[in-house]
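Chemist: Quick one: the structure is below, questions incoming.
The values are calculated or read from the model by the stated rules, or taken from the named source; none is laboratory data. Not measured: the values here are computed from a predicted model. So basically every Cβ, Gly included, is an ideal-geometry build from the backbone, and we count neighbours across all protein chains shown.
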Amino acid sequence: MKRLAIFSLIFALVLSLVACNSNNTQESSTNKESNVEPVTVKDAFGEVTFEKVPEKIVALEWVYVENLLALGIQPVGVADIEGYKAWVKVDAELSDDVVDVGTRQEPNLEAIAQLQPDLIIAPKFRHEAIKSDLEAIAPTLFFEPYPTDESISQYDEMITTFKTMAKVLRKDSEADTVLNKLNKKYEDAKDLIEQAELSTNEFILTQAFSSQQAPVLRVFTPNSMASVILEKIGLMNAYKPAKFEVYGFSQLNVEALPALEKSNFIYVVQDNDNIFENQLKDNAVWQNLEFVKEDRMYPLGGDAWLFGGPLSAFTVVDRVVNALEKK
Amino acid sequence: MKSVFKRKPSFLLVGGFLLLIILSMVHLTQGQANYSFISLITDISIDERLQDIVLGLRLPRLVMGFLAGGALAVAGLFLQTLTKNPLASASTLGINAGAYFFVVVSVIYFPTYIGKYPFLVSFIGASLSALLVMGLSGKTMEPVRVALTGMIISLMFSSFTGALQLLFENETNGLFLWGSGTLIQLDWSGVKFSLLFILTGITISFLLGPQLDLLRLGDETAVSLGQSIFKVKALAWFTALLLAAITVSVVGPIGFVGLMAPHIVRLLGINGHRSMVVHSFLWGAILLIGADVLARIIAPSQEIPVGAMTALIGGPWLLYLAYKSGKKFHKGENRLGGSETPISYGWLLVCLSGLLIGVMLLAISFGGTSFLTFDDWFQGAITSPFVWQFRIPRVLTALFVGMLFAVSGVLLQGVLRNPLADHSVLGITSGGGAGAMIFLVLFPGVSVIFLPFAAIIGAIVSITIILLFSWKSRWNSILLALMGVAVSAVGSAIIQILVVKAKLGVAPALTWLAGSTYAKGWDELRIVFITTLVTIPISLLLVKKLDVLSFGDEIASGLGLKVSATKISAILLSVFMGSVSISIVGTIGFIGLLAPHIARRMVGVNHGRITVISLFLGGILLVTADFIGRFILAPKEIPSGLVVALIGTPYLLYLLRKTK
């Protein structure tokens, strides 16, 4: 009977824990006096209403970090800050006292909770499974940067998300300023590229890295955000995929490049994993591609983030114009 | 060596070559640039672009396939002769995995050396694995036991490699999927690098042929015929390791080719090592090129690792071979063993309760980044909503899942009277994983709520296959475990292929497959809690009958026990407990193996006591693993499944060594 006694002890303990749980989840948060009207916005799951302006914000994907910075707000917590600094170069600094809350794949829920945020911003495709956990910490906005609906371009989604965030944070005018500047930027860049008199305006854009020691090229499709940006400044995407790519790129290897060799080759590659200088250097197919022979290869640098927001768009445009003008 | 075909070897050789040529033709037409077979032939002399693609990419890949397949096959042939073991090969002896682990270590810690000596490093790894297998599998070198030891060493090195890759993601980026071997070549450097070594190895093998023929007659006969067996054996081992290591250092670990090719050659009725070397090389090349062709038919314009394809074909083959060797096994009764001088049960319960409470307090007091201090405890930090929301349900889920795994292990081991039985060893875990994966890919729109059912179906299919195949040998411990590992290999291969095929759409599935207690909340806790509440009392009733069963089936039925009904209900209960746990936390293994075994060493043979102690141990193990996973890299997390595997595989080896 000894073991029965021990079991009942454990189970009783657990039952009491379950019982206590329901009493403790509700805790009144310290309300700040705010005289703003409540706003209601639409996110990937439906409508969310904000009574007051969120101040402590945790961003679980890099694009939302730079969106906050664009609006002049420092987040309190960010997933994988080290990665953010390596990959995302924008014209706004992330403050040093921002707390790292773990990986983008499995953010540390307790680290988020400890920051006592009043808003969490997360991508739906990663965190749908922990929706209720995140919402227990703070109101959470979910966005879907890769719309499965083919009629919505990734670029439009990015703009809508940026505006939605601005609305919630009562920064509408700041958002308009940023977007107007961006449109002006596109106009200027278009002029500069026309003046550069390129032999062709066609391009392919690729993010390249090695996998299984073999080079992999993510070649961006016309529905991708980065491709739309480049088309806005007067370039034309030469790559047309056979089927709809929801993430906005196809994974190709070097065999697929001859069909695209007439275009300008614009690429993003990390310095420590430069497949063009390592793996492909001695490859016969690569060496004989027209854009390699004619030196129409334009690096954007490893920290031009092609999945970002308006600030990354500035960086991408600057880098593309610089690269194209140089030659 | 019974011959199936009575044909002349030369005729078979020509036939094999024809087959290889046809496969090579198909292989050359595959790739992202679309060229038909006809245009490949007609345009090769005029189209420079086509020449680049064929000569710069496709031909090196094909040639590397010949070399790698051939080298692995010859290595397999030698290992089979040397160990007198039809189940031997570089992959089943853990040699590939060991070599690969060393390559990964050197990439991370000595990045400047690896470029110069990748072969040397992988040779050291290969030799070390071989020594480990020989050392651990005992003097008699029983075939099934040797193979099982090798497969477990493979598992162990793979989980080490997995852990390293997770910790050093950037440094090993290029290695990540290479883990299962790929033939991708970008120029002729891989071929150039390995050609000389492989040709040397094959030449030595060819020259050694007659000596090995003598060796097969038995050591004594060989000695009496004036052979220095030590020299011959040493040279043959060296050659086999050389061939395996050079292959791994270029294409990564590719399994099962070395196992299958020599068997095909024997089935064709080839005798004498010289001609066997030639034929093995040919058939190794055919198998590997065939697998690569098949991989690219399944997923055109994507790269399924060819190692996954060979495992898919080779797993069933290993199962069949094990089944055949199993017939020879005497139908001896298995024994579970257990300490004869048990520790006082009462004291043990007190100590374990103390330990459990201690571990739980530690786990609960650790948040994302810091510990609660004593003051926090007294000031009621424990009642803070987030501790309630995240920490407590997570720790408790780990506790109950650990208990469920442990008790399901007790049931499996008790019924099969097999100390090596466990969900992960018997392939139930990866079978369940494959079931869930197939479900995710086939029905992408359907709610994830049904995922557990898919996992349960996959698990039941695996255990049924294994039990049916090992029926004749009365579920002999070691044979059963080897079959489990074979089924496991197939399950993992299916998972890997589907991951590549379905691309990023299965990202949530990947986390789940790693086996993780991440973000488990009250909903999950409710499910495991109810399962525990229902199944544990039933288990406690059932295990009493296991005591009776341990006298042997005949005595047990003499004592009035319905033997078959008891066995089947215990297995079903165990699979149910395991599948529910797997569907909650993913593919966490080894707890069902460790807990009951440690329990037996503490309290002897009484199943009731073993079960209770296992409950404690299983809970302690998983709570600790979860804590370590959260603690080491905080705020980043390591999946607890990986932590358990790092502890579990070495223990399994130890256990195997002890199993008589």
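Chemist: For the condition within 14 Å of another protein chain (Cβ to nearest Cβ) and touching a residue at least 60 places away in the same chain (Cβ under 8 Å), what is the one hit in A:Y155, A:Y146, A:Y186?
Modeler: After applying the criteria, what remains is A:Y146.
Chemist: Examine the stretch B:166-174 for a residue that is among the polar types (S, T, N, Q), in a loop (DSSP other than H, G, I, E, B) and at pLDDT below 70, and state whether such a residue exists.
Modeler: Yes, because at least one residue in the stretch B:166-174 is among the polar types (S, T, N, Q), in a loop (DSSP other than H, G, I, E, B) and at pLDDT below 70.
Chemist: Surrounded by fewer than 20 Cβ atoms within 10 Å (Cβ to Cβ), within 14 Å of chain B (Cβ to nearest Cβ) and either farther than 21 Å from A:V320 by Cα or touching a Leu at 6+ places or on another chain (Cβ under 6 Å) (or both): is that true of A:A196 in this structure?
Modeler: It is false that A:A196 is surrounded by fewer than 20 Cβ atoms within 10 Å (Cβ to Cβ), within 14 Å of chain B (Cβ to nearest Cβ) and either farther than 21 Å from A:V320 by Cα or touching a Leu at 6+ places or on another chain (Cβ under 6 Å) (or both).
Chemist: Any idea which of (1) at pLDDT below 90; (2) within 13 Å of chain B (Cβ to nearest Cβ) is the one A:K327 doesn't satisfy?
Modeler: (2)
Chemist: Are any of the residues in the stretch B:436-448 within 24 Å of B:I571 (Cβ to Cβ), outside any helix (DSSP H, G or I), at pLDDT below 80 and not acidic (D, E)?
Modeler: no
Chemist: Please verify whether A:V316 is modelled with pLDDT of 90 or more, of a type in the set (V, I, T) and in contact with a Leu (Cβ under 9 Å, 6 or more places away or on another chain), treating the condition exactly as stated.
Modeler: So A:V316 fits the description; yes.
Chemist: Check A:E110, A:E128 and return the single one that is surrounded by 20 or more Cβ atoms within 10 Å (Cβ to Cβ), assigned to a helix (DSSP H, G or I) and in the same structural domain as A:A44 (by TED's automatic domain parsing).
Modeler: One residue alone meets the criteria, A:E110.
Chemist: Out of the stretch A:94-104, which residues are assigned to a loop (DSSP other than H, G, I, E, B) and either modelled with pLDDT of 90 or more or at the interface with chain B (Cβ under 7 Å from one of its Cβ atoms) (or both)?
Modeler: A:L94, A:S95, A:D96, A:D97, A:V98, A:V101, A:T103
Chemist: Only residues that are surrounded by 15 or more Cβ atoms within 10 Å (Cβ to Cβ), out of contact with any Ser or Thr (no Cβ under 7 Å at 6 or more places or on another chain) and not β-branched (V, I, T): list them for the stretch B:554-575, please.
Modeler: Within the stretch B:554-575, B:A556, B:S557, B:L561, B:K567, B:S569, B:A570 qualify.
Chemist: A follow-up question, please. Condition first: surrounded by fewer than 21 Cβ atoms within 10 Å (Cβ to Cβ), within 12 Å of another protein chain (Cβ to nearest Cβ) and part of a helix (DSSP H, G or I). Now tell me which residues in the stretch A:220-259 satisfy that.
Modeler: Of everything in the stretch A:220-259, those that are surrounded by fewer than 21 Cβ atoms within 10 Å (Cβ to Cβ), within 12 Å of another protein chain (Cβ to nearest Cβ) and part of a helix (DSSP H, G or I) turn out to be A:E255, A:A256, A:P258, A:A259.
Chemist: Given the condition more than 12 Å from chain B (Cβ to nearest Cβ), out of contact with any helix residue (DSSP H, G or I) (no Cβ under 8 Å at 6 or more places or on another chain), assigned to a loop (DSSP other than H, G, I, E, B) and within 25 Å of A:G83 (Cβ to Cβ), answer yes or no: does some residue in the stretch A:275-287 qualify?
Modeler: Within the stretch A:275-287, one or more residues are more than 12 Å from chain B (Cβ to nearest Cβ), out of contact with any helix residue (DSSP H, G or I) (no Cβ under 8 Å at 6 or more places or on another chain), assigned to a loop (DSSP other than H, G, I, E, B) and within 25 Å of A:G83 (Cβ to Cβ).
Chemist: Given the criteria modelled with pLDDT under 90, part of a helix (DSSP H, G or I), polar (S, T, N, Q) and surrounded by fewer than 24 Cβ atoms within 10 Å (Cβ to Cβ), does B:S275 qualify?
Modeler: Taking the combined requirement at face value, the residue does not satisfy it.
Chemist: Which ones in the stretch B:208-258 are of a type in the set (A, V, I, L, M, F, W, C), closer than 22 Å to B:L131 by Cα and within 14 Å of another protein chain (Cβ to nearest Cβ)?
Modeler: B:V248, B:I254
Chemist: Which residue out of A:T206, A:T160, A:T200 is farther than 22 Å from A:D303 by Cα and either in contact with a strand residue (DSSP E or B) (Cβ under 6 Å, 6 or more places away or on another chain) or not in a loop (DSSP other than H, G, I, E, B) (or both)?
Modeler: The conditions single out A:T160.
Conditions (1) more than 26 Å from B:T531 (Cβ to Cβ); (2) within 24 Å of the chain's Cα centre (by Cα); (3) within 12 Å of chain A (Cβ to nearest Cβ); (4) modelled with pLDDT of 70 or more, marked per residue:
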position: B:F374; (1), (2), (3), (4): yes, no, no, no
position: B:W377; (1), (2), (3), (4): yes, no, no, no
position: B:G380; (1), (2), (3), (4): yes, no, yes, no
position: B:V387; (1), (2), (3), (4): no, no, yes, yes
position: B:I392; (1), (2), (3), (4): no, no, yes, yes
position: B:T397; (1), (2), (3), (4): no, no, yes, yes
position: B:A406; (1), (2), (3), (4): no, yes, no, yes
position: B:V410; (1), (2), (3), (4): no, yes, no, yes
position: B:G414; (1), (2), (3), (4): no, yes, no, yes
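Chemist: Among the residues of the stretch A:137-156, write down those that are surrounded by fewer than 18 Cβ atoms within 10 Å (Cβ to Cβ) and assigned to a helix (DSSP H, G or I).
Modeler: A:D156
Chemist: Would you say A:L134 is more than 18 Å from the chain's Cα centre (by Cα) and part of a helix (DSSP H, G or I)?
Modeler: Yes.
Chemist: Taking helices (runs of 4 or more DSSP H) that do not extend beyond the stretch B:1-102, which have at least 2 residues that are under 36 Å from the mean Cα position of the chain (by Cα) and hydroxyl-bearing (S, T, Y)?
Modeler: Of the helices (runs of 4 or more DSSP H) lying wholly inside the stretch B:1-102, those with at least 2 residues that are under 36 Å from the mean Cα position of the chain (by Cα) and hydroxyl-bearing (S, T, Y) span B:9-29.
Quick grid of which residues meet (1) among the aromatic types (F, W, Y); (2) more than 30 Å from B:K472 (Cβ to Cβ); (3) at pLDDT below 90:
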| residue | (1), (2), (3) |
| --- | --- |
| B:W237 | yes, yes, no |
| B:P253 | no, yes, yes |
| B:I264 | no, no, no |
| B:G269 | no, no, yes |
| B:I286 | no, yes, no |
| B:R296 | no, yes, yes |
| B:Q302 | no, yes, yes |
| B:K331 | no, no, yes |
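Chemist: Follow-up question, since we're still on this one. Considering (1) assigned to a loop (DSSP other than H, G, I, E, B); (2) crowded, with 19+ Cβ neighbours inside 10 Å, say which one B:S194 fails and leave the rest.
Modeler: Just one mismatch for B:S194, condition (1).
Chemist: Quick check on my filter: what residues within the stretch B:12-53 are within 14 Å of chain A (Cβ to nearest Cβ) and modelled with pLDDT of 85 or more?
Modeler: Within the stretch B:12-53, B:H27, B:L28, B:T29, B:Q30, B:I53 meet the criteria.
Chemist: Regarding the stretch B:620-629, can at least one residue be identified that is touching a His at 6+ places or on another chain (Cβ under 6 Å), in a helix (DSSP H, G or I) and either away from every other protein chain (no Cβ under 13 Å) or surrounded by 24 or more Cβ atoms within 10 Å (Cβ to Cβ) (or both)?
Modeler: No: zero hits.
Chemist: Quick check: anything in the stretch B:599-615 under 24 Å from B:W522 (Cα atoms) and either away from every other protein chain (no Cβ under 14 Å) or surrounded by fewer than 24 Cβ atoms within 10 Å (Cβ to Cβ) (or both)?
Modeler: no
Chemist: Another question, if that's okay. If B:R296 satisfies every condition in (1) surrounded by fewer than 23 Cβ atoms within 10 Å (Cβ to Cβ); (2) more than 14 Å from chain A (Cβ to nearest Cβ); (3) in contact (Cβ under 8 Å) with a residue 24 or more places away in the chain but one, which is the exception?
Modeler: Among (1) surrounded by fewer than 23 Cβ atoms within 10 Å (Cβ to Cβ); (2) more than 14 Å from chain A (Cβ to nearest Cβ); (3) in contact (Cβ under 8 Å) with a residue 24 or more places away in the chain, the lone unmet condition for B:R296 is (2).
Chemist: Next question, about the same structure. Suppose we filter the stretch A:66-93 for residues that are part of a loop (DSSP other than H, G, I, E, B), touching a strand residue (DSSP E or B) at 6+ places or on another chain (Cβ under 6 Å) and under 19 Å from B:R630 (Cβ atoms); how many remain?
Modeler: Final tally of qualifying residues: 1.
Chemist: Still on this structure: Quick one: count up the residues across the stretch B:576-593 that are at pLDDT 85 or above and surrounded by fewer than 24 Cβ atoms within 10 Å (Cβ to Cβ).
Modeler: Residues that pass the stated criteria total 1.
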